[in-house]
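What follows is one structure encoded as structure tokens, with my remarks underneath.
The values are calculated or read from the model by the stated rules, or taken from the named source; none is laboratory data. Worth saying up front: this structure is predicted, and the values here are computed from it rather than measured. Heads up, the Cβs are rebuilt from the backbone with ideal geometry, glycines too, and the neighbour counts pull from every protein chain shown.
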Amino acid sequence: MDFDAKKWQEWFANNRSAILEDYFTFLRFRSIGVDSSCKQECTDCAQWVESYLKDLGLSTQVWETPSHPIIFAEKRSKSKDAPTLLIYHHYDVQPVDPIELWDSDPFEPVLKGETVYARGAQDNKGQCMYSLAAIKALLSFEDELPFHLKVFLEGDEEAGSSASEPILYEKKEELASDAVLVVDVLLPAPGVPSVTSGVRGILGFEVVCRGAKEDLHSGEFGGVAYNPLRALSSALSSIWDQEGKIAIPHFYDDLVNLSEQQRSLLNFELEESFLKEMGVHSFCAEPGFSIGESRSIRPTVEIHGLSGGYSGGGIKTVIPKEAKAKLSCRLVPNQEPEKIFSLIGAHLEKQMPKGMEIEVICKEGKAGYWSSPDSLIAQVAKKAYEEVMGKKCSQSISGASIPILNALAKVAGGDVLLIGYGLPSDQIHAPNEHFGLDRFEMGFLTMGSIFSQFHESKR
């Protein structure tokens with residue numbers, strides 16, 4: 001089943017209006033997974049996806065979770081020994097706040113030129129839609145598939161997949177695959193093809209320091225009562241040494257390092273162009289590692305917010321009763337979130353002055369995952385990108401996280417690869433999220449090429 005680019009391009013052109021109509025319908029669902037007021041919309045969206053897949057000729061199942069349903073679909077090959085490809089997507093989207101910064105209704109898609117604006121336009125409904133359209137095209141070309149096709153769509157990704165993950169272990173037989181294709185990542189830069197062979201894990205936590213029962217007058221208590229903001233700031237600054245390395249004891253003990261052969265297959269240089277294009281001019285790469293390496297294959301700790309006391313107009317002279325900080329770590333494989341959380345908590349507690357109460361609260365923790373850079377699915381996808389984009393395809397590891405990936409890889413059993421046509425400029429978690437239809441079509445064609453090659457893959 002060779003890839004006939006012209007045939008796939010003609011199919012897309014002939015079906016473009018119907019594809020866009022389905023895409024826009026998908027975008028209109030207010031499927032904000034983390035917002036309890038949108039629960040029915042998430043259910044309605046899941047039902048629409050299931051109906052769409054069923055209409056394509058796939059058998060479908062709805063797996064209920066404590067949060068939002070998972071849709072599982074498959075199309076079996078007549079050949080029992082055929083390889084199995086599992087495709088992962090999510091239908092939940094980020095909240096839209098601040099709504100006043102949107103130029104249009106986030107859930108009423110707008111086409112400006114060849115760019116679609118809506119929440120989920122890229123993440124992940126846009127990338128999901130070109131993938132589903134490619135399945136539709138494939139089934140119109142082939143009466144029988146030369147491989148087993150499976151599709152997994154969850155509605156809890158933006159909340160960390162905590163509700164989705166437990167059911168994976170109950171559905172191990174259904175999810176078993178030779179390869180898993182996660183269609184939910186970015187290109188290194190416009191027009192630059194690249195596939196992704198792993199992501200970092202994530203640990204999110206909150207730190208609270210408490211010094212008194214109530215806010216105190218700084219004239220009466222200043223210089224006497226230890227300020228929680230001072231204690232917290234000092235403790236947080238101790239996370240890094242003067243060179244910029246993480247100074248938490250044993251933080252680096254368990255991390256996995258890539259072999260020289262594995263590193264030679266990955267491109268780190270393209271990563272640096274991202275930052276400069278986004279207006280970043282002050283850098284903090286880990287000593288001994290490049291910006292690209294620090295952004296992808298090294299662990300991090302970052303502070304996301306500090307609060308306490310008064311921050312309104314003018315001056316209010318109080319010593320706050322408490323101070324808070326929100327932080328996260330990006331972790332590489334073999335760094336267990338629970339262990340890292342324990343290490344950080346012990347370190348911060350040690351920094352506290354006598355009498356200062358500290359509480360460290362874990363919000364989420366998911367391990368990272370790296371697959372082999374030279375896996376069969378990686379070779380297939382790289383060839384597909386090169387056919388569609390006409391340029392040599394590189395390979396990288398993403399610094400971001402897909403919470404369910406590590407568990408999905410374990411359960412499915414096959415090699416995992418991440419692909420996508422997003423760009424950092426798509427504003428995926430911000431107002432005015434958008435996705436170019438040129439990249440939508442390239443994604444469709446890339447999936448077509450992967451489908452055309454995959455039957456040659458063997459376990």
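Looking only at the range 21-35, filter to residues that are in contact (Cβ under 8 Å) with a residue 60 or more places away in the chain and surrounded by fewer than 22 Cβ atoms within 10 Å (Cβ to Cβ); which one of those is farthest from H429 (Cα to Cα)? Result: D22.
Taken as a whole, the range 102-120 holds at least one residue that is among the aromatic types (F, W, Y), touching a residue at least 40 places away in the same chain (Cβ under 8 Å), in contact with a His (Cβ under 6 Å, 6 or more places away or on another chain) and in the same structural domain as S31 (by TED's automatic domain parsing). Candidates are the residues of the range 268-284 that are surrounded by fewer than 16 Cβ atoms within 10 Å (Cβ to Cβ) and part of a loop (DSSP other than H, G, I, E, B); the one that is modelled with the highest pLDDT is C284.
For every residue, the table says whether it meets (1) touching a strand residue (DSSP E or B) at 6+ places or on another chain (Cβ under 9 Å); (2) assigned by TED's automatic domain parsing to the domain that holds C329; (3) surrounded by 20 or more Cβ atoms within 10 Å (Cβ to Cβ).
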site	(1), (2), (3)
S372	yes, no, no
S396	yes, no, yes
I402	yes, no, yes
A430	no, no, no
F435	yes, no, yes
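Counting residues that are over 25 Å from H434 (Cα atoms) and within 24 Å of the chain's Cα centre (by Cα), which strands (runs of 3 or more DSSP E) fully inside the range 9-120 reach at least 1? Filter on the range 9-120 gives 59-63, 70-75, 84-90. Any residue at all in the range 124-133 that is free of Cβ contacts under 8 Å to residues at least 12 places away in the same chain, over 18 Å from the mean Cα position of the chain (by Cα) and closer than 28 Å to I450 by Cα? Among the residues of the range 124-133, not one is free of Cβ contacts under 8 Å to residues at least 12 places away in the same chain, over 18 Å from the mean Cα position of the chain (by Cα) and closer than 28 Å to I450 by Cα, which makes the answer no.
The residue that is modelled with the lowest pLDDT, among those in the range 57-96 that are of a type in the set (S, T, N, Q) and farther than 17 Å from E157 by Cβ, is S79. Number of residues in the range 50-75 that are surrounded by fewer than 13 Cβ atoms within 10 Å (Cβ to Cβ) and either more than 22 Å from P146 (Cα to Cα) or among the acidic types (D, E) (or both): the value is 4.
The set of residues from the range 287-316 being within 20 Å of the chain's Cα centre (by Cα) and either assigned to a loop (DSSP other than H, G, I, E, B) or among the small types (G, A, S) (or both) comprises G292, S294, R295, S296, I297, R298, P299.
Kindly indicate whether A400 is under 28 Å from G120 (Cβ atoms) and under 20 Å from the mean Cα position of the chain (by Cα). Yes, satisfied. Checking each residue in the range 301-334 for being closer than 15 Å to K366 by Cβ and either in the same structural domain as S401 (by TED's automatic domain parsing) or touching a strand residue (DSSP E or B) at 6+ places or on another chain (Cβ under 7 Å) (or both) picks out S328, C329, R330, L331, P333. Within the set of pairs 6 or more residues apart or between chains, which connect a residue that is over 17 Å from R230 (Cβ atoms) inside the range 300-312 to a residue that is at pLDDT 95 or above and outside any loop (DSSP other than H, G, I, E, B) with Cβ atoms less than 6 Å apart? These pairs meet every condition: T300/R330; V301/I246; V301/C329; E302/S328; H304/K326; G305/K326. The residue of the range 101-156 that is surrounded by the most Cβ atoms within 10 Å (Cβ to Cβ), among those that are among the charged types (D, E, K, R) and modelled with pLDDT under 95, is E142. Yes or no: the range 332-340 includes at least one residue that is closer than 18 Å to L236 by Cβ and touching a residue at least 40 places away in the same chain (Cβ under 8 Å). Within the range 332-340 (the criterion being closer than 18 Å to L236 by Cβ and touching a residue at least 40 places away in the same chain (Cβ under 8 Å)), the answer is yes, since at least one residue qualifies.
Among the residues of the range 330-344, the one identified as surrounded by fewer than 18 Cβ atoms within 10 Å (Cβ to Cβ) and either part of a strand (DSSP E or B) or among the small types (G, A, S) (or both) is S342. Checking the structure you have, find out if any residue of the range 317-329 is surrounded by fewer than 14 Cβ atoms within 10 Å (Cβ to Cβ), at pLDDT 95 or above and part of a loop (DSSP other than H, G, I, E, B). Yes, the conditions are met somewhere in the range 317-329.
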